[in-house]
Every structure is written in C-alpha cells, then in structure tokens.
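Here's the structure we're looking at; comments come further down.
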Amino acid sequence: MRKIYSILIAIVLTGLQFNAWSQCNNCGSQFPTTTQSTTSSSFTTVSTCMYGGEYAVFNVTSGQTYTWQTCGNTAFDTQLTLQQGTGCAGADLAYNDDGCGTQSTITWTATFTGTVSVLVSQYNCT
C-alpha cells in the first residue's frame, strides 16, 4: 500500500508542474469585440474564425458550469487559457492543450459572478 501512495503523489506533482508551465501569454486583441453572454444549456458558436493570440470575453455567473472548445476544427493544434477578468491580465483559472485530439476544451464551474477571457492559441503559444 505504501508504494501506491508514493506513485500517486509523484503523478499529482508532475501534473501540477506541467500545468504551471503550460499557460500561454501571447495575448493579442479581443474577438468578437463585444462581451458574450448565454443562458443556453447547449453549445453556442461565438466565432468560426479566431486567430492565435485572440481572446473572447464572457459574462459568467457563480455556480454555473461553462464549456469552451475548439473541438472539430482540425486546421491547427489549439490551446485554450481561461483567465479572470477582461483581457489577459487576470489570474489563470484553467488551461487545456489537446483535450479532444489536437484541439482543446475547458469545462469550468464559475466561483464568482463577473467576466472571464478565453485566450485561443496555436500550439506552441503562437
């Protein structure tokens, strides 16, 4: 039993180290230029064409679960970074690279009511 515990701790520490080094900071311009809101329980398309380094801003409500994804777009390898606030100056909340093939997906439950930004990057942070 002691060996299993040691292996689990090593896996958790490795995962934390990887995520901390994997955030993209190539923030460019906001697209679309308006803040997005939805009350839909199904996927809503925000844009069919975003460039690496662009970010979208969303209103979120505490306790609600949100999913952002580029799944299905096979034109390039994506990365998504979820940050608190408008623009890319807020705290990092979540990150994903290759959640669905070479595309990315983030599912997150809001811990506050306010705005978040989703930065879209092409691998490796370009």
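The values are calculated or read from the model by the stated rules, or taken from the named source; none is laboratory data. Nothing here was measured: the structure is a model prediction, and the numbers come from that model. Note that we place each Cβ from the backbone using ideal geometry, even for glycine, and neighbour counts take in every protein chain shown. To get the accessible areas, we keep the full protein, side chains included, count just its heavy atoms, and leave off ligands, DNA and RNA. Shrake-Rupley method; radii C 1.70, N 1.55, O 1.52, S 1.80 Å.
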| task | Those residues that are more than 16 Å from GLN36 (Cβ to Cβ) and surrounded by fewer than 17 Cβ atoms within 10 Å (Cβ to Cβ), I need them from region 78-89; list them, please. | result | ALA89
| note | Within region 41-81, the count of residues that are of a type in the set (Val, Ile, Thr) and in contact with a Leu (Cβ under 6 Å, 6 or more places away or on another chain) comes to 1
| From the residues in region 33-48 that are within 17 Å of GLY85 (Cβ to Cβ) and under 18 Å from the mean Cα position of the chain (by Cα), which one is most open to solvent (accessible area, probe 1.4 Å)? | SER37
| For region 42-55, does any single residue satisfy the condition of being in contact with a strand residue (DSSP E or B) (Cβ under 9 Å, 6 or more places away or on another chain) and farther than 14 Å from LEU119 by Cβ? | yes
| said: Among the residues of region 38-56, are any in contact (Cβ under 8 Å) with a residue 40 or more places away in the chain, over 15 Å from GLN122 (Cβ atoms) and not in a strand (DSSP E or B)? | reply: no
| task | Might you let me know whether region 94-101 holds any residue that is out of contact with any strand residue (DSSP E or B) (no Cβ under 9 Å at 6 or more places or on another chain) and in contact (Cβ under 8 Å) with a residue 12 or more places away in the chain? | result | yes
